[in-house]
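The values are calculated or read from the model by the stated rules, or taken from the named source; none is laboratory data. The model shown is predicted, which means the values in this text are computed figures rather than measured ones. Cβ atoms come from the backbone with ideal geometry, glycine included; neighbour counts cover every protein chain shown. Ligands, DNA and RNA are excluded from the accessible area calculation, which covers all protein heavy atoms including side chains. Shrake-Rupley method; radii C 1.70, N 1.55, O 1.52, S 1.80 Å.
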Amino acid sequence: MKPVYMINGFLESGKTEFLSFTLAQDYFRTKGTTLLLLCEEGEKEYDPKLLKKTKTVVELIDKEEDFNPGHLLELEKKWNPERILIEYNGMWSSKDLKLPFHWTVEQQITTINAATFPMYYNNMRSLVADAVRGSELIIFNRCDDVLEELGTYKRNIKAVNPQAEIVFEGKDGEISQIFEEDLPYDLKSDVLELDNQGYGIWYIDSMDHLERYVGKTVVFPALVMKPKKFPKGYFIPGRMAMTCCADDMAFIGYVCHYENADELKEKQWVKVTATVKCEYFAGYRGEGPVLHAHSVVPVKAPEDDIISFGG
């Protein structure tokens, strides 16, 4: 059996950049020959030095009718590759795609230029659907100028392929954005009960989307933190979080105004019920989330007293 890795997408969607990057990675190296089937020529070209170093040979198939099992077998006999990479033309139908019987698609990835996605989606929706339907991973690139639209783009793709993993990338790398539909609580509710997962996500999301939470009431168990020289009537309710591994622990929490804060003890466990506001606080060096507690009640430590971000 011949393993096949297929990258599809429309012209200038970043297919060549993605394959070039992947070929250069040590984990993707192989001893034998790699056959790269190029189904369209874009502005970007493959570096001859990279191709030589990775034992990759390129064959151009610029006509859809030539992409058939017979011709593909001829190319296999010519090069006897250990594996095949296919940079597929997004304007060709993926629905009618036929490969030699012993070619096995190990992975299919779709790259999408976020700046041009609406044009293709609105005018060539069937082709977009064909491209993403069989893909395990969908990569949106050039996302910096359309950040407000990414939630809509994600819903468009999920409607066609609910199981696909979707990644958004900008000029500085992957964009970690939490969408409302991914939150473990209902933003339509005025009161948010935050469990371990909910607290971690709420903490992160509040940094970027505080407007979602201003005026809402949050309820969660927390450790009391009372930094030295903190203003009277303020403390920090928060949790110990494992940010990447057991050796990387951090206390995460936001400032909370509470009239009886002086009566609380350091590292005491409490249940906090508070309203979220956006206010100036000196420790923030500007405006940020400030909680206004309605009640702070002593409680036992939860069974899982350490959380991980998003989990």
What's the number of the only condition in (1) farther than 16 Å from residue 227 by Cα; (2) assigned to a strand (DSSP E or B); (3) of a type outside the set (Ser, Thr, Tyr) that residue 300 fails to meet? (2)
Grab the strands (runs of 3 or more DSSP E) fully contained in segment 1-118, keeping just those with 2 or more residues being of a type outside the set (S, T, N, Q) and open to solvent by 10 Å² or more (accessible area, probe 1.4 Å). 2-9, 56-60, 103-113
Those residues that are under 16 Å from residue 216 (Cα atoms) and either at pLDDT 85 or above or of a type in the set (Phe, Trp, Tyr) (or both), I need them from segment 178-194; list them, please. 183, 184, 185, 186, 187, 188, 189, 190, 191, 192, 193, 194
Applying the selection to segment 272-308, what residues are more than 16 Å from residue 214 (Cβ to Cβ), in contact (Cβ under 8 Å) with a residue 24 or more places away in the chain and of a type in the set (D, E, K, R)? 300, 304, 305
Going by what's in this entry, would residue 38 be described as in contact (Cβ under 8 Å) with a residue 60 or more places away in the chain and either in contact with a strand residue (DSSP E or B) (Cβ under 9 Å, 6 or more places away or on another chain) or among the small types (Gly, Ala, Ser) (or both)? no
Tally, over segment 161-177, of residues that are modelled with pLDDT of 90 or more, aliphatic (A, V, I, L, M) and out of contact with any Ser or Thr (no Cβ under 7 Å at 6 or more places or on another chain): 2
Starting from segment 72-87, take each residue that is farther than 15 Å from residue 102 by Cα and touching a residue at least 12 places away in the same chain (Cβ under 8 Å) and list its partners that are open to solvent by less than 60 Å² (accessible area, probe 1.4 Å) and of a type in the set (Lys, Arg), counting only C-beta distances under 6 angstrom and pairs at least six apart or across chains. 87/15
In segment 270-311, how many are touching a Pro at 6+ places or on another chain (Cβ under 9 Å) and either within 17 Å of residue 193 (Cβ to Cβ) or of a type in the set (Val, Ile, Thr) (or both)? 10
Odd one out for residue 97, checked against (1) modelled with pLDDT of 95 or more; (2) over 16 Å from residue 3 (Cβ atoms); (3) among the aliphatic types (A, V, I, L, M): (1)
How many of the residues in segment 126-164 are in contact with a strand residue (DSSP E or B) (Cβ under 7 Å, 6 or more places away or on another chain), part of a helix (DSSP H, G or I) and open to solvent by 30 Å² or more (accessible area, probe 1.4 Å)? 2
Looking at segment 63-70, is at least one residue in contact (Cβ under 8 Å) with a residue 40 or more places away in the chain and of a type in the set (Phe, Trp, Tyr)? no
Any residue in segment 176-185 that is in contact with a helix residue (DSSP H, G or I) (Cβ under 9 Å, 6 or more places away or on another chain) and closer than 23 Å to residue 14 by Cα? yes
